[in-house]
1. Given the criteria touching a helix residue (DSSP H, G or I) at 6+ places or on another chain (Cβ under 7 Å), part of a strand (DSSP E or B) and over 25 Å from A:Q33 (Cα atoms), does B:L68 qualify?
2. Facing another protein chain (nearest Cβ under 9 Å) and either crowded, with 18+ Cβ neighbours inside 10 Å or among the hydroxyl-bearing types (S, T, Y) (or both): does that describe B:H71?
3. Quick one: would you say B:S113 is open to solvent by less than 20 Å² (accessible area, probe 1.4 Å), of a type outside the set (D, E, K, R) and within 14 Å of chain A (Cβ to nearest Cβ)?
4. Would you pick out the residues in region A:93-106 that are more than 7 Å from every other protein chain (Cβ to nearest Cβ) and open to solvent by less than 10 Å² (accessible area, probe 1.4 Å)?
5. Given the criterion closer than 26 Å to B:P40 by Cα and over 14 Å from the mean Cα position of the chain (by Cα), identify the matching residue among A:T84, A:T97, A:T51.
6. Evaluate region B:49-56: report whether one residue or more is at the interface with chain A (Cβ under 9 Å from one of its Cβ atoms), acidic (D, E) and open to solvent by 30 Å² or more (accessible area, probe 1.4 Å).
7. Does A:A68 fit the bill of being within 13 Å of chain B (Cβ to nearest Cβ) and closer than 18 Å to A:V28 by Cα?
8. Output the number of residues of region B:9-45 satisfying the condition of being under 13 Å from the mean Cα position of the chain (by Cα) and open to solvent by less than 30 Å² (accessible area, probe 1.4 Å).
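The values are calculated or read from the model by the stated rules, or taken from the named source; none is laboratory data. Note that the structure is a prediction, hence the values are computed from the model and not measured. Ideal geometry is used to build each Cβ from the backbone, glycine not excepted, and the neighbour counts take in all protein chains shown. For accessibility, only protein heavy atoms count, side chains too; no ligands or nucleic acids. Shrake-Rupley method; radii C 1.70, N 1.55, O 1.52, S 1.80 Å.
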Amino acid sequence: TQLLEQSPQFLSIQEGENLTVYCNSSSVFSSLQWYRQEPGEGPVLLVTVVTGGEVKKLKRLTFQFGDARKDSSLHITAAQPGDTGLYLCAGTSAGNTPLVFGKGTRLSVIA
Amino acid sequence: GAVVSQHPSRVICKSGTSVKIECRSLDFQATTMFWYRQFPKQSLMLMATSNEGSKATYEQGVEKDKFLINHASLTLSTLTVTSAHPEDSSFYICSARWGRDQPQHFGDGTRLSIL
């Protein structure tokens with residue numbers, strides 16, 4: 001069974017600070033996705049990374065896929081209260097397999 | 001972008017009632033749909049995978065007779081929680097994708113409360 005270890009589980013920071021969330025596994029993933037979930041809603045896809053070493057940017061968010069495709073990170077620059085939410089990494093091996101989710105990082109950005 | 005609609009968003013009913021939740025892909029044909037369950041402050045737990053026209057594949061520990069899944073068309077899957085009890089209260093979320101190696105898109109979830 002593929003497992004994704006996500007850390008930290010909880011993070012509370014001041015507005016303007018930077019932060020990094022990590023997602024690690026001993027398994028290789030063909031693709032890895034990052035989602036953000038608001039309370040009472042479903043997860044919303046932020047990005048998909050598929051190539052080892054790939055870096056993608058989405059405004060103040062930077063996503064990186066490890067060279068060996070076993071780990072990923074999400075870096076947020078100058079966090080804002082609107083970034084508050086649950087961030088989930090999820091990966092899939094090749095083919096028709098479902099996503100495996102990390103346990104999530106609950107981020108709180110205080111104004 | 002890809003849109004998945006889930007209905008109803010909230011259900012409150014008495015113990016013993018059966019509840020049906022619908023999941024529709026609005027602008028694409030979903031070859032595969034997934035059903036997840038999420039407990040408060042926890043991540044998503046996969047319950048089952050369904051492919052259009054075939055029986056769903058359930059994860060270990062998920063009772064197939066309790067959670068009936070029907071994927072009748074490429075745009076609709078339903079989850080029926082049969083004879084629901086308070087321990088079935090949870091947040092149920094569906095997702096869909098249009099092909100292998102494609103990202104999964106999620107519905108907004110259904111909060112089920114059994115009294």
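1. Working: touching a helix residue (DSSP H, G or I) at 6+ places or on another chain (Cβ under 7 Å): no; part of a strand (DSSP E or B): yes; over 25 Å from A:Q33 (Cα atoms): yes.
So B:L68 fails the test.
2. On the way: facing another protein chain (nearest Cβ under 9 Å): no; either crowded, with 18+ Cβ neighbours inside 10 Å or among the hydroxyl-bearing types (S, T, Y) (or both): yes.
Considered against the rule, which asks whether it is facing another protein chain (nearest Cβ under 9 Å) and either crowded, with 18+ Cβ neighbours inside 10 Å or among the hydroxyl-bearing types (S, T, Y) (or both), B:H71 comes out as no.
3. On the way: open to solvent by less than 20 Å² (accessible area, probe 1.4 Å): no; of a type outside the set (D, E, K, R): yes; within 14 Å of chain A (Cβ to nearest Cβ): yes.
Answer is no for this residue.
4. A:T105
5. On the way: A:T84 fails: over 14 Å from the mean Cα position of the chain (by Cα); A:T51 fails: closer than 26 Å to B:P40 by Cα.
Result of the check over A:T84, A:T97, A:T51: A:T97.
6. Our first condition is that a residue be at the interface with chain A (Cβ under 9 Å from one of its Cβ atoms); within region B:49-56, this holds for B:49, B:51.
Retained after the next criterion (residues that are acidic (D, E)): none.
There is no residue in region B:49-56 that is at the interface with chain A (Cβ under 9 Å from one of its Cβ atoms), acidic (D, E) and open to solvent by 30 Å² or more (accessible area, probe 1.4 Å).
7. Details: within 13 Å of chain B (Cβ to nearest Cβ): no; closer than 18 Å to A:V28 by Cα: yes.
Spelling it out, it is not the case that A:A68 is within 13 Å of chain B (Cβ to nearest Cβ) and closer than 18 Å to A:V28 by Cα.
8. Of the residues in that region, 12 qualify.
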